[in-house]
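Asker: My questions all concern the structure below.
The values are calculated or read from the model by the stated rules, or taken from the named source; none is laboratory data. Here the structure is a predicted model, which means the values were calculated and not measured. Here Cβ is always computed from backbone atoms with ideal geometry, including for glycine, and neighbour counts include all displayed protein chains. Please note that ligands, DNA and RNA were not included when accessible areas were found on the heavy atoms of the full protein model with its side chains. Shrake-Rupley method; radii C 1.70, N 1.55, O 1.52, S 1.80 Å.
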Amino acid sequence: AAQHQPGAVPPAQQQLQSGAPKPAASGKQGNVLPLWGNEKTMNLNPMILTNILSSPYFKVQLYELKTYHEVVDEIYFKVTHVEPWEKGSRKTAGQTGMCGGVRGVGTGGIVSTAFCLLYKLFTLKLTRKQVMGLITHTDSPYIRALGFMYIRYTQPPTDLWDWFESFLDDEEDLDVKAGGGCVMTIGEMLRSFLTKLEWFSTLFPRIPVPVQKAIDQQIKSRPRKIKKDGKEGMEEIDRHAERRRSRSPRRSISPRRSPRRSRSRSHHREGHGSSSFDRELERERERQRLEREAKEREKERRRSRSTDRTLERRRSRSRDRYRSRSRSRDRKADRRDRDREREKENERSRKKERDYDKERGSEREKDRSRERSKERKSKGDVEERRHKDDKDDKKHRDDKRDSKKERKHSRSRSRERKHRSRSRSKNTGKRSRSRSKEKSSKHKNESKE
């Protein structure tokens, strides 16, 4: 009942108004800007973050940039689109289901300079004033786009409407696709940020369902501004919205999934943009069909080329065989001549070796005879020496024997001499005794007389 009363505020707007105050318009919360979610990854896809951290552009060139103004100048000179990957660096064509590039699954590629600079801004920990300077910059729409993307990644979902509300009708154009082909306005890009979770081959942080419903109702109740004859008017144009939505970046949905299926489960988003989904789906199918036909044609060309190459190879092989046979015949004749010459040379070398062996044999015989004569002479000398030595030994032995015999004879003679001297001494004693006896007897006789 409150919704139908004149001047009543819708419940979605009440919910947004009951939340955090407007940080972009009022600026009464101070210059410090709080961060929402993961304070290390900036809520980025892990594959994109790993590619950013391993990128030489981020590690070398952006490492030298230390201030906010230097990064803004780098964005002005280097950024040409706001896709996460460079053109042609990621092969996700034909992938469906859980292998889709929207979920970040699959092969990585070359990360874009826009996302490298976006993460560089996150490392600088921007203030509220700096973020406002980004989204209101007048030099380049890509500086503004990175500012809005920074808000989408780092700010709470309840504050997104307050940040984006005053820029939803901004008519500044920019090409958001790598390589060109997807021109949209700032307002259309912000509406895509608020209503869609997908952004080319990555995902934004999920917005809670009640907040998403409130944002959808606010966008639905807000008329869009268009320029007619130089005057701005407020009108509801569904055709123009559909045309704009068809150009908005959207990942092609798998044929197995229903194009009406939504992530936020809201009934309003189920029917929103179904025709544009069907168109995108048909375009994607047509593109995949054309790619398949081109691949089949390429395969047929390769097969025809391969058959021609096989025929050419067979012909060349037959020619090579004929040439090789003739060459082999010539080679055989040459080999025979060479074998004959080699045999002749071998015979000559054998004769030379025989003559040389004969000469060497005669010389060897002479040497052997000389050696034998030398050996004989040496043997005779040795025998003579041995004979002399034997004679000397015999003489020495005989001398020793003679000396021993002489010693024995001398000993026997000395014994005989001693015995003789003893016998003589005995005889002399007997004689002296007999003489003394005779003298004594004579003396006695004389005395008696």
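Asker: Quick one: which residues, 5 or more positions from TRP85 or on another chain, have an amide H under 5 Å from its amide H? H modelled 1.01 Å from N in the peptide plane, none for Pro or chain starts.
Answerer: SER112
Asker: Right, another one. Give the Rg (one decimal place) followed by the Dmax (whole number) of the stretch 284-417, computed from C-alpha coordinates and expressed in Å.
Answerer: Expressed in Å, the Cα Rg and Dmax of the stretch 284-417 come to 51.2, 160.
Asker: For THR138 and SER326, compute 0.36 nm times the residue count separating them, minus their Cα-Cα distance, and round to one decimal in nm.
Answerer: 59.4 nm
Asker: Now a separate question. Restricting things to Cα coordinates, could you compute the convex hull volume per residue of the stretch 163-227 in Å³?
Answerer: Roughly 94 Å³ of hull volume per residue.
Asker: Would you mind telling me the share, in percent, of accessible area of the stretch 276-427 contributed by carbon and sulfur at probe 1.4 angstrom?
Answerer: Its accessible area is 40 percent carbon and sulfur atoms.
Asker: Turning to a different aspect of this structure: What lysines does LYS379 reach when the alpha-carbon gap must be under 20 Å and sequence neighbours fewer than 8 apart in one chain are set aside?
Answerer: LYS366, LYS388, LYS391
Asker: Test of understanding: what is the full-extension gain from ARG314 to GLU446, defined as 0.36 nm times their sequence separation minus their Cα-Cα distance?
Answerer: Once the chain is fully extended between ARG314 and GLU446, it gains 29.8 nm.
Asker: By how many nm would the segment from LYS177 to SER425 grow when fully extended, if each residue of separation counts as 0.36 nm and the alpha-carbon distance is taken off?
Answerer: My answer for the length gained is 72.9 nm.
Asker: No solvent, one uniform scatterer per C-alpha: report log10 I(q)/I(0) for the stretch 345-449 via the Debye equation at q = 0.13, 0.23 1/Å, two decimals.
Answerer: Log10 of I(q)/I(0), two decimals: -0.83, -1.12.
Asker: Take the alpha-carbon centre of the stretch 392-449, take the same for the stretch 153-183, and report the distance between them in whole Å.
Answerer: 165
Asker: What spacing in nm lies between the two simple spin-label points modelled at GLU39 and ARG338, each 7 Å away from Cα in the Cβ direction?
Answerer: 8.4
Asker: Which sequence of PHE77, PHE167 reflects their accessible areas, 1.4 Å probe, from the largest down?
Answerer: PHE77, PHE167
Asker: Moving on. Protein chains only, probe 1.4 Å: how do HIS137, HIS396, HIS81, HIS69 rank by accessible area, largest first?
Answerer: Accessible-area ranking of HIS137, HIS396, HIS81, HIS69, largest first: HIS69, HIS396, HIS137, HIS81.
Asker: Something else about it: Which residues among the stretch 369-387 fall inside the zone where the amide N is under 14 Å from a point 7 Å beyond the Cα of ARG397, along Cα→Cβ?
Answerer: 387
Asker: Leaving ligands, DNA and RNA out of it, rank ARG411, ARG376 by accessible area with a 1.4 Å probe, largest first.
Answerer: Greatest to least solvent exposure: ARG376, ARG411.
Asker: When ligands, DNA and RNA are left out and all protein chains stay put, how many square angstrom of accessible area per residue does the stretch 359-449 have with a 1.4 Å probe?
Answerer: Spelled out: the 1.4 Å probe surface of the stretch 359-449, per residue, equals 104 Å².
Asker: For an R0 of 22 angstrom, estimate the FRET efficiency from the Cβ-Cβ distance between TYR57 and THR80 and round to the nearest 0.05.
Answerer: Calculated transfer efficiency: 0.95.
Asker: Next question, about the same structure. Using a Förster distance of 56 angstrom, determine the FRET efficiency expected from the C-beta separation of GLU347 and SER304, and round it to 0.05.
Answerer: With R0 = 56 Å, the Cβ-Cβ based efficiency is 0.35.
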